[in-house]
Structure formats: C-alpha cells, structure tokens
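Notes for the one structure printed next.
The values are calculated or read from the model by the stated rules, or taken from the named source; none is laboratory data. Keep in mind that what you see is a predicted model, and the values were worked out from it rather than measured. Positions of Cβ are backbone-derived with ideal geometry, glycine not excepted, and every protein chain shown enters the neighbour counts. Calculation scope for accessible area: heavy atoms of the full protein, side chains included, ligands and nucleic acids excluded. Shrake-Rupley method; radii C 1.70, N 1.55, O 1.52, S 1.80 Å.
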Amino acid sequence: MDVSGGRGQPRPGNDESAEHTGPEAPAPGGTGDAPTAPSAPTPADAKDARPEGPTPDAGAPAPGSGTPQDTGAAPDHGAPDHGAPAHGRDRAPEHPEPPADRPARAPAGRPEHPDHPFAHSGSGKGQAPQRPEERRRGGLLMGRPFGVPVYVAPSWFLVAILITWVFGGQIDRVLPELGAASYLVSLFFAVAFYASVLVHELAHTLAALRFKLPVRRIQLQFFGGVSEIEKEAETPGREFVLAFVGPLLSLVLAGLFYLGLLAVDPSSVPGVLLAGLMVSNLIVAAFNLLPGLPLDGGRMLRAVVWAITGKPMTGTVAAAWVGRALAVCVLIGLPLLTQSGALGSDAVDNVGMDTVLDALLAAILAAIIWTGAGNSLRMARLREHLPELRARTLTRRAVPVESDTPLSEALRRANAAGARALVVVDADGVPVSLVREAAIVGVPEHRRPWVPVGTLAQDITDGMRVSAELAGEELLDALRATPATEYLVVEETGEIYGVLSAADVERAFVKAMARPS
C-alpha cells in the first residue's frame, strides 16, 4: 500500500521505492566478539509486479503482501528493544484531514503520477521484519548478568565432552591414583575454562555498555564465545578499547591462576587445574590478539587503520584480508608445527591419528576465521549502505477514506490519485487504521462495491506510526519493535505522509546487497 501528502491528501510517492534505496543492516557478528548491527528484514522476492495502468474498481494489490504479524514480542532473550524514535510517530494530525472524497492536490514541486495504479508492488511476502532472536535461538539460557542474556550453544556440550576426554587422559598420566575420577576433574576443568571465556566476553559487554552500545546477547559456543554488540563504536579509540579488554582480562585471569599455582602443590589436583586454566587463558589471549578479523586483534588492527585513514571501511577491509591470510596460515602451519614438535610435543615422522586430529582442528579454526573475515567485509558493506534506507523515500502514496467507503470506490480514488495505499480516517480526518493489501486481495471484484474498507483495515497502534524522517538504523529499530506489514508514515507535524510497506524495505535490502561498495 502507498504515499499521501499532508493532511491525508494524495501526494506523489515513490512507486519505485525499492530501486531508489538500498540499505542493508549487518547481521550479528561472527567469531571473536564482532559487533553486530540491526538485522535486515527477511528479503522478499525482488520482482515488482504492477499493472501497467490504472484499473478503476479493480485495482487491488497483487496477491500476497501477507497478513500483519502480531507476534512481535521478542522471545526471552533480553534483546534491547529499540523503540522507534519519537519523530511524530505517536501524534495524530493537529487539524482535520480533508474529506475522503475530496483528495487535495499534492504539495508544490511534487507532480502527481496518476499513471501509477493502486497495486501491490511486492512479491506476496509482506512479512514484517523479524528480530534476529525470533529467527534463531541462542541455545540454553544460563542467566542475565548486567541485563544481557548468556546462552550456551548445543555445540558447547560436544566441546566439553572432547575436553573432558583429552584432559582426563593427561590428568590420569600425572595423577594415576585418581583413576576414573580424573575425568570428573577434567569435566570441572572444562566448565571452569568456559567460565573464564565468559569473563572474557563480559569484559567486552561491560565496555560496550560503558560506551552506550546495546548488547544483544553473549553466546558460548564451539570454540569460545561471541558478544553480539548491536551497534558499531563511534570512534577508532573506542573500537580499540572494546576489542582489547577481552584479551586483557584473559591475561589477568592467567596471572591470577599463576599466583594461585604458587600457593599449592603443582602435583595435586588443584595444582593441575590451576596450571591448565593458566595455560588455556594464555592461549585464549594470544589467539584473540592475532591481527585479523573476526578476532579481537583484527578489530584492534581495524581501529588503528581507521584512525590513520579516517575511514572505518578501509580499516575493515585491511583487517578482513589479514584475517583471511591468517586463516590460510592456520590451515597449513598448525599441522606442520605440531608434526615438527615446535609446539612442545615430540616430532612425528608418520601420519597417525594425532596428525589427522591436528589437521582437522586446523581446518575448523581456519574455516571459522575465514568465514568471520568474509562476514566482516559483508557487514561493512551493509553498514555503508545503511544510511540510504529512508522512510521518506520508501513510503508509498496513500489516500484517506472513511471506514464505510465501499472498497470499489476507495480503489477508484486511489487509482485516480496514482496512490497505492488506503488510510482509514475518522470524521475529523484522523487516521485510525490501514487497509491491508492481503485483505483486499481476498475480496472478489464483484463483491467490492458492497464491502466497506473498514472491515479490511488494521487498527494503527503507536508502534505502527513512524516518522518520515527516520532513516538507517533508527528506521530498522522502529520496524523491528513493532512487526507489521504496513506502517503509517507521518510528518513531524503529525500530517499523513503515506504508508510504508515492509515488503518495500525488504526489497531495498536485496538491491543494496547486489550493489558494490
């Protein structure tokens, strides 16, 4: 549905809105605590199926914008709700709208386009943008420190079993008197190790909250953890601090475990556990300081390049390509180092199970780093296009009608005005509901003269009233806060600007993804 001018008057809209904008929002970050931006609405089909001319009385939208989604409540993930900025969203028009049967002329400088029919320009998937938490669960919820939900992914349990098995065998060699209890001690080590990883992630979270950056969640998963920070740091200095605090805390933990080790017998169970935790935290810190995205060291490198060039995109590209080179080095170098004995083990001349496991581990690590680096590049490109997503550009022209207006008459007025949306207003011209495209499609043409538009409309809630000035992340936040198929777009004064379709926003993202940076 589509664009109206001030006080409910039909106004030129942007019937090709999806072709004129194209922001995309970055998806949640990858391995190594990468920040995340608001996610894009699920793309609809990019095809634009419009009739070629106005068709009075029969100008209903093409099938399928879908019914409004009323399941907008976010699951229990503690994701911050970024309600839409209050740019006139909650204000009704201050003056009555012109009568519905008397559409006023469009504002000066904006010519009418009566050749644009009232027809759905989408694909039939007018589904409202969904919260990322609705599309993917984070795993087992463990708690909400500082208000941020912490999840344990199912893959963690596989790693915990692997750590228990491997470390248990080592403990059995050092403390053979433990017998089968060595695996119980090893399981405790696995849990304690991931607790230290959680502390690492909480360092990122606290820094982000200190910089007023919302954190969606923390997830402990296969090879460590991820802090999903929804917005990017505003300066390279903050980006550097945000990345550095994680490895710094891991180094502090390693130091604390070393001090604890000095106070106990190294050959005792506490000594073995403290030694293992010290070494593992040193490895976590060293690995995360490697200068390639998506690792913390890559984000630090990005911040340095950003500070030197003044361009965050340049920093991202540099750190991402270093990350890809790092992935290749891990894939080739790690098996060679372990086989040569450079990492402390005996050199191996033949290929055995340990060599195969080392190669498999290297392949998994390399794949994680390579994929994370590629995602960082993609997210940077999406961030670059994000400001192009503007409610004013994507909004469709609309005409006001009263609730008892026959559908056929309402469609005739919309076609005559070149509009593609209907807004139901009360006797004073105040908008009260939006006529749903999917509902129009369901009414046979021969019944339209006897169906009042009010029976096909959805009441306008506060969340469905968005400001025409919204753009970029603010617009996405507003749409995610209240999932729906259509939104009433209003000026700062409360005047009707038009109707924004979620399908148009989806197509804008699809087009932006296809454009180079």
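Kindly indicate whether Ala373 is under 30 Å from Pro291 (Cβ atoms), of a type in the set (Gly, Ala, Ser) and not in a loop (DSSP other than H, G, I, E, B). Reasoning before the result, please.
Numbers: under 30 Å from Pro291 (Cβ atoms): yes; of a type in the set (Gly, Ala, Ser): yes; not in a loop (DSSP other than H, G, I, E, B): yes.
Taking the combined requirement at face value, the residue satisfies it.
Would you tally the residues in the stretch 454-512 being open to solvent by less than 20 Å² (accessible area, probe 1.4 Å) and free of Cβ contacts under 8 Å to residues at least 60 places away in the same chain?
3
Would you mention how many residues in the stretch 332-357 are charged (D, E, K, R) and modelled with pLDDT of 75 or more?
First, pick out the residues of the stretch 332-357 that are charged (D, E, K, R): 346, 349, 354.
Those left that are additionally modelled with pLDDT of 75 or more: none.
Count: 0.
Restricting attention to the stretch 383-408, which residues are of a type in the set (Asp, Glu) and in contact (Cβ under 8 Å) with a residue 60 or more places away in the chain? Spell out the reasoning first.
Initial filter on the stretch 383-408 (of a type in the set (Asp, Glu)): 384, 388, 402, 404.
Glu384, Glu388, Glu402, listed by residue number.
Considering only the stretch 504-517, I want to know if a residue exists there that is of a type outside the set (Lys, Arg), under 23 Å from Glu437 (Cα atoms), part of a loop (DSSP other than H, G, I, E, B) and in contact with a His (Cβ under 9 Å, 6 or more places away or on another chain). If you could, list the steps in order and put the result at the bottom.
Taking the stretch 504-517 as the starting set, the residues that turn out to be of a type outside the set (Lys, Arg) are 504-506, 508-510, 512-514, 516-517.
Then keep just the ones that are under 23 Å from Glu437 (Cα atoms); that gives 504-506, 508-510.
Narrowing the set further to residues that are part of a loop (DSSP other than H, G, I, E, B) leaves none.
Taking every residue of the stretch 504-517 in turn, none turns out to be of a type outside the set (Lys, Arg), under 23 Å from Glu437 (Cα atoms), part of a loop (DSSP other than H, G, I, E, B) and in contact with a His (Cβ under 9 Å, 6 or more places away or on another chain).
Scan the stretch 456-467 and tell me whether some residue there is modelled with pLDDT of 90 or more, out of contact with any strand residue (DSSP E or B) (no Cβ under 7 Å at 6 or more places or on another chain) and farther than 21 Å from Ala481 by Cα.
no
Can you tell me which residue among Thr393, Thr405, Thr371 is at pLDDT 85 or above and touching a His at 6+ places or on another chain (Cβ under 6 Å)?
Thr393
Yes or no: Leu377 modelled with pLDDT under 85, crowded, with 23+ Cβ neighbours inside 10 Å and closer than 26 Å to Lys511 by Cβ? Let's see the steps before the verdict.
Working: modelled with pLDDT under 85: yes; crowded, with 23+ Cβ neighbours inside 10 Å: no; closer than 26 Å to Lys511 by Cβ: yes.
It is false that Leu377 is modelled with pLDDT under 85, crowded, with 23+ Cβ neighbours inside 10 Å and closer than 26 Å to Lys511 by Cβ.
Every residue, every condition in (1) within 28 Å of Leu187 (Cβ to Cβ); (2) open to solvent by 40 Å² or more (accessible area, probe 1.4 Å), yes or no:
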site: Gly246; (1), (2): yes, no
site: Gly255; (1), (2): yes, no
site: Leu262; (1), (2): yes, yes
site: Pro270; (1), (2): yes, yes
site: Gly310; (1), (2): no, yes
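Considering the stretch 203-244 alone, what residues qualify as being open to solvent by 30 Å² or more (accessible area, probe 1.4 Å) and either within 22 Å of Gly276 (Cα to Cα) or in a loop (DSSP other than H, G, I, E, B) (or both)? Break it down into steps so the answer makes sense when it comes.
If we filter the stretch 203-244 for residues that are open to solvent by 30 Å² or more (accessible area, probe 1.4 Å), which is where we start, we get 206, 209-212, 221-223, 231-232, 234-238, 240-241, 244.
Those that are open to solvent by 30 Å² or more (accessible area, probe 1.4 Å) and either within 22 Å of Gly276 (Cα to Cα) or in a loop (DSSP other than H, G, I, E, B) (or both): Phe211, Lys212, Gln221, Phe222, Phe223, Lys231, Glu232, Glu234, Thr235.
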